[in-house]
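Novice: To start, I am sharing the structure in question, which I have written as structure tokens.
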Ligand SMILES: Cc1ncc(COP(=O)(O)O)c(C=O)c1O
């Protein structure tokens with residue numbers, strides 16, 4: 001890549017091997033289930049996550065939305081984290097397109113939703129109330145620092161959901177990061193969930209696409225709703241071919257991204273003017289703030305980093321999120337640390 005791009009793992013471009021596989025992919029009309037490459041990807045994904053079936057979807061947002069539309073009726077309520085991507089960053093899709101109401105519960109620092117608060121949020125039977133139908137967890141929890149939720153916690157939430165007649169959906173956009181960070185199997189991690197969405201187009205490097213998994217019955221309904229939303233694609237094996245490489249070759253190497261995130265965080269901890277979050281990183285995301293004595297804001301730091309060949313994401317005027325991925329090597333980590341040092345030293349000598 002031309003730039004050291006730390007804004008997100010969504011910026012990853014496909015590898016040469018992916019591009020070759022895409023060019024040579026066997027294809028067919030996937031709406032007719034005729035695309036052998038998509039079928040292979042879906043079978044592989046279902047098997048890796050230990051679920052009966054899978055469906056390839058254009059984006060994580062669509063995958064999460066389809067899951068909610070399958071699990072819920074209009075007027076139902078979904079319990080979500082108040083810092084979850086579904087609640088904050090999916091354009092209110094559940095309400096706009098499904099007539100579904102979110103019930104936000106505070107995300108704790110470790111990304112969890114307290115079991116007591118989940119329980120208290122479930123509506124009692126009353127004609128005045130919406131019907132609570134679904135709990136959504138996010139793993140890794142992005143805004144809480146890319147923090148992984150454990151299999152034990154997920155099991156507890158699954159039990160709570162099922163004992164109360166609810167479904168559990170996991171927004172596992174980065175579920176493989178979570179599994180690798182905890183050194184647990186992804187199957188164990190998602191076992192309690194009725195449905196899971198994960199993204200191929202983030203740390204797994206594919207250019208496009210996400211996967212939704214669940215029971216045969218759930219996926220059959222999901223196929224119908226994907227069509228309704230305009231997400232039925234045709235010779236999409238061209239894209240799925242990259243996703244197969246994601247699942248076969250890009251999962252274990254996520255540990256490299258996590259190691260580099262640690263190296264980046266350790267380096268930035270030595271830079272005057274920066275305060276890296278305690279505990280960060282938990283996976284491939286480093287969260288940090290400018291200290292109070294720095295007069296520049298984070299947007300100005302981003303602007304100064306740009307001509308140095310570094311793209312950064314300012315979360316707010318004092319805060320950054322830096323994300324490591326396939327195209328961030330050791331050299332990129334070192335250059336980023338020294339760029340921060342240069343930018344913040346410049347500040348010290350000029351104010
Ligand atoms: C936690 C989480 N869930 C869902 C999504 C949605 O994925 P997409 O951008 O493919 O719609 C994202 C995207 O960044 C995400 O971070």
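Derivation of every value follows stated rules applied to the coordinates shown; laboratory data play no part. Quantities reported herein were computed from a predicted structural model and do not represent experimental measurements. Counting neighbours? That spans all protein chains shown, and the Cβs are built from the backbone with ideal geometry, glycine included.
Novice: Can you confirm whether region 87-99 contains a residue that is out of contact with any helix residue (DSSP H, G or I) (no Cβ under 9 Å at 6 or more places or on another chain), within 16 Å of the ligand (Cβ to nearest atom), closer than 18 Å to residue 172 by Cα and touching a residue at least 24 places away in the same chain (Cβ under 8 Å)?
Specialist: yes
Novice: A follow-up question, please. Residues of region 106-121 being more than 16 Å from the ligand (Cβ to nearest atom) and surrounded by 19 or more Cβ atoms within 10 Å (Cβ to Cβ), which ones?
Specialist: 118, the sole residue that qualifies.
Novice: Filter region 62-85 for residues that are over 15 Å from residue 175 (Cα atoms) and either without any contact (Cβ under 8 Å) to a residue 40 or more places away in the chain or within 14 Å of the ligand (Cβ to nearest atom) (or both) and give the result.
Specialist: Start the filter on region 62-85 by keeping residues that are over 15 Å from residue 175 (Cα atoms), which leaves 62, 65-83.
Scanning region 62-85 gives 62, 65, 66, 67, 68, 74, 80, 81, 82, 83.
Novice: Same structure again: Could you tell me whether region 18-27 includes any residue that is in a helix (DSSP H, G or I) and in contact with a strand residue (DSSP E or B) (Cβ under 6 Å, 6 or more places away or on another chain)?
Specialist: First, pick out the residues of region 18-27 that are in a helix (DSSP H, G or I): 18-24.
Now narrow it down to the ones that are in contact with a strand residue (DSSP E or B) (Cβ under 6 Å, 6 or more places away or on another chain): none.
No, because not a single residue in region 18-27 is in a helix (DSSP H, G or I) and in contact with a strand residue (DSSP E or B) (Cβ under 6 Å, 6 or more places away or on another chain).
Novice: Find the residue count for region 279-296, including only residues that are exposed (fewer than 15 other Cβ atoms within 10 Å of the Cβ) and more than 24 Å from residue 260 (Cα to Cα).
Specialist: Filtering region 279-296 for residues exposed (fewer than 15 other Cβ atoms within 10 Å of the Cβ) gives 279, 291-293, 295.
Going one step further and asking which of them are more than 24 Å from residue 260 (Cα to Cα), we end up with 292-293, 295.
Number satisfying all stated conditions: 3.
Novice: Can you confirm whether residue 261 is assigned to a helix (DSSP H, G or I), farther than 21 Å from residue 207 by Cα and in contact (Cβ under 8 Å) with a residue 12 or more places away in the chain?
Specialist: yes
Novice: Which residues, counting only those in region 286-338, are at positive phi and assigned to a helix (DSSP H, G or I)?
Specialist: Those that are at positive phi and assigned to a helix (DSSP H, G or I): none in region 286-338.
Novice: I'm checking my understanding of the structure. Among residues of region 155-186 that are assigned to a strand (DSSP E or B) and either more than 17 Å from residue 113 (Cα to Cα) or without any contact (Cβ under 8 Å) to a residue 40 or more places away in the chain (or both), which one is farthest from the ligand (Cβ to nearest atom)?
Specialist: 168
Novice: Right, next: One residue is enough: does region 101-119 have a residue meeting the conditions over 13 Å from the mean Cα position of the chain (by Cα), part of a helix (DSSP H, G or I) and under 24 Å from residue 51 (Cα atoms)?
Specialist: Within region 101-119, none of the residues are over 13 Å from the mean Cα position of the chain (by Cα), part of a helix (DSSP H, G or I) and under 24 Å from residue 51 (Cα atoms).
Novice: Okay, next question. Within the bounds of region 123-136, is there any residue that is surrounded by fewer than 22 Cβ atoms within 10 Å (Cβ to Cβ), in a strand (DSSP E or B) and either in contact (Cβ under 8 Å) with a residue 12 or more places away in the chain or on the phi < 0 side of the Ramachandran plot (or both)?
Specialist: So far as region 123-136 goes, yes, one or more of its residues are surrounded by fewer than 22 Cβ atoms within 10 Å (Cβ to Cβ), in a strand (DSSP E or B) and either in contact (Cβ under 8 Å) with a residue 12 or more places away in the chain or on the phi < 0 side of the Ramachandran plot (or both).
Novice: In region 29-44, which residue that is within 14 Å of residue 216 (Cβ to Cβ) and either touching a residue at least 60 places away in the same chain (Cβ under 8 Å) or not in a helix (DSSP H, G or I) (or both) is nearest to the ligand (Cβ to nearest atom)?
Specialist: 42
Novice: Testing residue 233 on (1) within 15 Å of the ligand (Cβ to nearest atom); (2) surrounded by 24 or more Cβ atoms within 10 Å (Cβ to Cβ); (3) farther than 27 Å from residue 133 by Cα, one condition comes back false. Which one is that?
Specialist: (2)
Novice: Then there is this: Quick check on this structure: which one of 273, 309, 231, 237 is touching a strand residue (DSSP E or B) at 6+ places or on another chain (Cβ under 8 Å) and closer than 30 Å to residue 35 by Cα?
Specialist: Testing whether each residue is touching a strand residue (DSSP E or B) at 6+ places or on another chain (Cβ under 8 Å) and closer than 30 Å to residue 35 by Cα leaves just 231.
Novice: Inspect region 204-223 for any residue being assigned to a loop (DSSP other than H, G, I, E, B) and more than 15 Å from the chain's Cα centre (by Cα) and give the result as yes or no.
Specialist: yes
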